[in-house]
1. Conditions: (1) touching a helix residue (DSSP H, G or I) at 6+ places or on another chain (Cβ under 6 Å); (2) surrounded by 23 or more Cβ atoms within 10 Å (Cβ to Cβ); (3) under 23 Å from Glu233 (Cβ atoms). Leu97 meets all but one. Number of the miss?
2. Which of (1) touching a Phe, Trp or Tyr at 6+ places or on another chain (Cβ under 6 Å); (2) farther than 30 Å from Leu228 by Cβ does Ala115 not meet, given it meets every other one?
3. In the stretch 335-354, which residues are within 22 Å of Ala115 (Cβ to Cβ) and not aliphatic (A, V, I, L, M)?
4. If Ser139 satisfies all but one of (1) under 21 Å from Cys47 (Cβ atoms); (2) in contact with a Ser or Thr (Cβ under 9 Å, 6 or more places away or on another chain); (3) modelled with pLDDT of 95 or more; (4) surrounded by fewer than 24 Cβ atoms within 10 Å (Cβ to Cβ), what's the number of the condition it fails?
5. Name the pairs: first residue in the stretch 406-433 and part of a helix (DSSP H, G or I), second residue acidic (Asp, Glu) and surrounded by 10 or more Cβ atoms within 10 Å (Cβ to Cβ), Cβ to Cβ under 8 Å, at least 6 apart or on different chains?
6. Given the criterion more than 21 Å from Asp244 (Cα to Cα), of a type in the set (Phe, Trp, Tyr) and over 18 Å from the mean Cα position of the chain (by Cα), identify the matching residue among Tyr84, Tyr72.
7. Taking the stretch 361-401, which residues are within 17 Å of Val32 (Cβ to Cβ), assigned to a loop (DSSP other than H, G, I, E, B) and not aliphatic (A, V, I, L, M)?
8. Check Ile250 against each of (1) within 20 Å of Val144 (Cβ to Cβ); (2) surrounded by 22 or more Cβ atoms within 10 Å (Cβ to Cβ) and name the one condition it does not meet.
Amino acid sequence: MEQFFHSVTLDKELCKGCINCVKRCPTEAIRVRDGKAVIMAERCIDCGECIRICPHHAKRATSDPLSILKQYPYTIALPAPSLYAQFANLEDIDLPLNALKKMGFDEVFEVSKAAELVSDATCRILDGNPDLPKPLISSACPAVLRLIRVRFPQLLPNVLKLNAPIEVAARRAKREAARKTGLPLKDIGAIFISPCPAKVTAVKMPLGTENSWVDAVVAIKDVYPAMLGLMKELSDSDCSELSDSGRMGISWCISGGEASALLKEQYLAADGIENVISVLEDLEDEKLPALDFVELNACSGGCVGGVLTVENPYVARVRLKQLRKYLPLSRNHIEDKVPDELQWDADVAYTPVLELDEDIGIAMSKLREMSQIEQRLAGIDCGSCGAPTCRALAEDIVRGTASEEQCIFKLREQVQSLQDELSSLQHKADKENQEIPPDDGQ
């Protein structure tokens, strides 16, 4: 059985058993049982929507602490471009990059540099392979990739088989550092500064590659306070020229940035998990055959909307547009053919977590039973049973993890039936008492 790691975790002490997360989860991975939420590990895609919606802060994203730097003789910061958009009035990307070095990192390698390489590789693949299934779907958002393999397996052939920029950045940065320092790769720590929990999971349990070259993931919200103080202390003379990426790479963190970097017209970009699901359903129904490329981001606004950021995504988007205004279009290109380090070295297979049984005959029988149970339920998807929909409750019943009595309407029917039965018995007893002749004492 496949083992699962998830960066999204639940603190049961804080959970109040409300159903906000249950209704919000895109893969129906959450139930409320015995007054507490339960996350089904095999269905969770670590999109972070439950973290975003939980009013009690019972859902959390795990990431590595900053103290992880002490575990490696040499450390490289891999800042996501969304990091730059967290700071107000930022005019020079070199400022936050130098702040990272001042924090204790030995080197900085921008993920936006790797993003430009992935964009270049994508263009070459689109232009050089006319027989590829269209449209190609970006593999950059790990939450979307996991969503596809769980809910939309028919679309897996359309997924672009290129590593995400964070993986490409880690490989290039560690190889360059090894050449420069003479240190073995195991002594070089590549630490990603992440905007979202899905990227934490992508490092700990990668898809498309056997092993990730990223050694640790630190949340943007954890480095932000320290960076803010250090950036105020830095003067222009203290800053080295570290940035080496252009508008294309920087723009990857906002919705449409990756797609527009391809310089093609036939593309679609969608953000927000509901919109992503809607587009995937249309792709599954072959409603968008004219498109060459589809970019999908689980977070609203793109990576700037990740739950590990600190700034409003719409404010961050405006800041990023100002910051990239005077940058060159792109500074990084691949030489000839697409390098191996950019390509997947492992297949992403369908995860049949939604199947009712491995045996198709048994599965069909359970599906019919599900439909019968669903017809007996109220059909209003209130969530009071702890499942997101009546159909989900019917599925839980068939799987043996719930019962019809958990439906509040079915329970009310049973209570009403019991009350009617008691009333009938009381009426019968009263009638029998009236028919007994009074005792005259003789």
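The values are calculated or read from the model by the stated rules, or taken from the named source; none is laboratory data. Remember, it's a predicted structure, so these values are computed and weren't measured experimentally. We place every Cβ from the backbone using ideal geometry, glycine too, and count neighbours over all the protein chains shown.
1. Going through (1) touching a helix residue (DSSP H, G or I) at 6+ places or on another chain (Cβ under 6 Å); (2) surrounded by 23 or more Cβ atoms within 10 Å (Cβ to Cβ); (3) under 23 Å from Glu233 (Cβ atoms) one by one, Leu97 breaks only (1).
2. (2)
3. Within the stretch 335-354, the subset within 22 Å of Ala115 (Cβ to Cβ) is 335-346, 348.
Listed by number, the residues that qualify are Glu335, Asp336, Lys337, Pro339, Asp340, Glu341, Gln343, Trp344, Asp345.
4. All conditions are met except number (2).
5. Lys410/Glu404; Leu411/Glu405; Gln414/Glu405
6. Numbers: Tyr84 fails: more than 21 Å from Asp244 (Cα to Cα).
Checking each option against the conditions leaves just Tyr72.
7. Asp381, Cys382, Gly383, Ser384, Cys385, Gly386, Pro388, Thr389, Thr401 - these are the residues of the stretch 361-401 that are within 17 Å of Val32 (Cβ to Cβ), assigned to a loop (DSSP other than H, G, I, E, B) and not aliphatic (A, V, I, L, M).
8. For Ile250, the failing item is (1).
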